[in-house]
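Chemist: Got a structure for you, written out below as structure tokens; questions coming shortly.
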Amino acid sequence: MLHLFMGKEPWFRVKDRGLGAAIPIKWQGWVLIASYLLALAGIIGLVEGTGQTPAGMAFGLALLATAIFLIVCRKRTDGDRRWRQG
């Protein structure tokens with residue numbers, strides 16, 4: 001199953017206007033978005049549920065999850081990263 005995520009085909013298209021990736025064009029992109037949202041929900045659950053996790057640690061984990069998400073999105077977006085005016 002890992003080979004489905006290791007290919008070189010893009011998961012996202014570039015936006016017609018602005019900078020960044022648009023909605024996913026492959027199911028792997030949707031899995032990436034769902035995984036990111038589940039990771040953030042888990043971090044919130046750690047803080048809200050137990051009350052033992054410091055806010056700084058939760059913020060650091062959320063920052064790490066966001067950085068990983070953005071790096072993978074950038075690597076899996078077709079086209080170059082530049083400002084587009086449509």
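Chemist: With everything on Cα atoms, drop me the angle between helix 27-45 and the longest principal axis of the chain, reported from 0 to 90° to the nearest 10.
Modeler: The helix 27-45 is inclined about 20 degrees to the chain.
Chemist: Compute the acute angle (0 to 90°) between the alpha-carbon long axis of helix 55-75 and the principal axis of greatest extent of the alpha-carbon atoms of the chain; round to the nearest 10°.
Modeler: Between helix and principal axis, roughly 10 degrees.
Chemist: Considering only protein heavy atoms, what per residue accessible area in square angstrom results for the chain with a 1.4 angstrom probe?
Modeler: With all protein chains present, the chain gives 73 Å² per residue.
Chemist: Tell me which label goes with the value of Rg/Rh (Cα atoms, Kirkwood Rh) computed from the coordinates here: (i) 0.99; (ii) 1.08; (iii) 1.17.
Modeler: (ii)
Chemist: Let me ask you something else. As an exercise, identify the trypsin sites (Lys or Arg not before Pro) in the range 5-86 lying in DSSP coil whose Cβ has no more than 14 other Cβ atoms within 10 Å.
Modeler: Sites meeting the loop and neighbour criteria: Lys8, Arg81, Arg82.
Chemist: How much accessible area does Leu70 have with a 1.4 Å probe, in Å² rounded to the nearest 10?
Modeler: Near enough 100 Å² of accessible area.
Chemist: In whole percent, how big is the carbon plus sulfur part of the accessible area of the chain, probe 1.4 Å, protein atoms only?
Modeler: 67 percent
Chemist: Counting pairs of alpha carbon atoms under 8 Å apart in space and at least six apart in sequence, what relative contact order in percent does the range 21-84 give?
Modeler: 36 percent
The values are calculated or read from the model by the stated rules, or taken from the named source; none is laboratory data. Predicted, not measured: the structure shown is a model, and the values here were computed from it. For neighbour counting, all protein chains shown are included, and Cβ atoms are generated from backbone atoms with ideal geometry for every residue, glycine included. Side chains included, ligands, DNA and RNA excluded: accessible areas come from the protein's heavy atoms. Shrake-Rupley method; radii C 1.70, N 1.55, O 1.52, S 1.80 Å.
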